[in-house]
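**Student:** This is the structure I want to talk about, given as structure tokens.
Values quoted throughout were computed directly from the atomic coordinates according to the rules given, and no laboratory measurement underlies them. Since we're looking at a predicted model, the values are computed, not measured. Virtual Cβ from ideal backbone geometry, glycine too; neighbours counted across all protein chains shown.
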Amino acid sequence: MTTRKLERSEWGTYFHRVAKRLPTMRVAVSVLGADIGVQHETEDSALIGITYDPKDGILEVATPNITHRIANPEEIYVQESLGELASIEVIAPDGTKQIIELKPLPALPP
């Protein structure tokens, strides 16, 4: 697995490019902070999409159950395995870390 920091100028194009492959993924979203510990927003939801809107400065993760928005991220790191997005770590302005873990849907039996 490879982890790399995305430059702010890449955020919109990166998430637009990977969004085409994401609807066949499951997602877990957690928020980590010194004052809140670990808070799980969702642990195993179907992923509808991930987008970054540079105009509004919002990274959004959408599932059927929740829409998790991070306004004005400070930094974004992505972890890729064999060219596929595996997880995203977002540092929010309040210092919390937002961890978005992705995994493929299980294959259907033949």
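**Student:** Checking residue 65 against (1) surrounded by 13 or more Cβ atoms within 10 Å (Cβ to Cβ); (2) within 13 Å of residue 27 (Cα to Cα), which test does it fail?
**Tutor:** The number of the failed condition is (1).
**Student:** Can you name every residue in the range 9-21 that is assigned to a helix (DSSP H, G or I) and touching a residue at least 12 places away in the same chain (Cβ under 8 Å)?
**Tutor:** To start, the set of residues in the range 9-21 that are assigned to a helix (DSSP H, G or I) comprises 9-19.
Correct list: 11, 12, 14, 15, 16, 18, 19.
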